[in-house]
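Bear in mind that the values in this text are calculations on the coordinates, not laboratory data. This is a predicted model, so every value here is computed, not measured. Heads up, the Cβs are rebuilt from the backbone with ideal geometry, glycines too, and the neighbour counts pull from every protein chain shown.
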Amino acid sequence: MREIFKRHTDLIEPLSLDEVYLDVSENKTGLPTATQVARTIRQQIRTELNLTASAGVAPNKFLAKIASDWKKPDGLFVIQPDDVDSFLSPLPVGRLPGVGKVTEEKLKNLEIQTVADLRKLDLATLERRFGRYGVRLFELARAIDHSEVIPDRPTQSVSAEDTFEQDVQLTETEPMIRRLAEKTWSASRKELRIARTVVLKLKTSEFKILTRSHTPNSPPSSCEELTSIALSLRKRINLSPKQRFRLVGVGLSNFHDPDDASDQPALFE
């Protein structure tokens, strides 16, 4: 896939094993719009690799991330610059990057349910309530994101996720977790740095994202160990047994250099 991406731009920033940001403000193929670039890339992936790919097209990274999730597992969603406000305003605040369960509950206590509600709070109030992240909330509510696509950024995490054809209960997720753990482990072997933390990601049928993580005393040393930890993290999902899920992901994060003295030599034999 990276070879396909490079036909269109050199500004490629991997986000995880199967997610990547592309800056196509200036693309190599001369296509007139980012939408046409995304459509072409998806077709090339399908034709040459026999894989599906979802794409989000938007004026900045955080909106592109939201757009890419909009029509998974095989879709294209475009947020035009003139449509940003109308798209963003009705969104639940939980869809904003970094708004987890705790922050979402705090916002609900302030009667903030949607991005439109969030815009009613001034910067001083958000900073007082949420510290430095209050500034980020203020900006996201107004679609402000100046972060650039940075190629060759040091790996922060490696992960793989997939969407079920039909929503499933938590007890039915084991086969998918095992497959994703294998993909994640295989990808992590290509890194020169070592990951300490295992992450399990789940998305409910209501599109609520849950993540659970564990950092063992020693970094996972095998795919079997990674899989075991990922499966065990399901015990920390405190929802009704009837709750159904539409997506699951397995990741490794908290990478560090292998010459860290805390590592055990056995890991590198």
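List of remarks:
- In plain terms, the residue of 150, 229, 45 with the fewest other Cβ atoms within 10 Å comes first and the most crowded comes last, giving 150, 45, 229.
- With neighbour counts taken as other beta-carbon atoms within 10 Å, the residues 214, 146, 8 rank, fewest first, as 146, 214, 8.
- Among the chymotrypsin sites (Phe, Trp or Tyr not before Pro) within region 150-238, those in coil by DSSP and having at most 15 neighbouring Cβ atoms inside 10 Å are 207.
- Loop-located GluC sites (Glu not before Pro) in region 1-44, at most 15 other Cβ atoms within 10 Å (DSSP): 26
- Proximal charge balance of residue 130 [Cβ under 11 Å; K/R count +1, D/E count -1]: +4
- For region 1-44, trypsin sites (Lys or Arg not before Pro) are listed when DSSP marks them as loop and at most 14 other Cβ atoms sit within 10 Å of their Cβ; the list is 7, 28.
- Rule-of-thumb Rg ratio for region 74-162 [Cα; 2.2 N^0.38 Å; N residues]: 1.23
- 222 nm mean residue ellipticity, helices alone, for the chain (DSSP H n ≥ 4; -39,500 (n - 2.57); rounded to 500): -9500 deg cm²/dmol
- Ranked 224, 13, criterion: other C-beta atoms within 10 Å, fewest first: 224, 13
- Part-to-part distance (alpha-carbon centres) for region 200-222 and region 70-129, which is given in Å: 23
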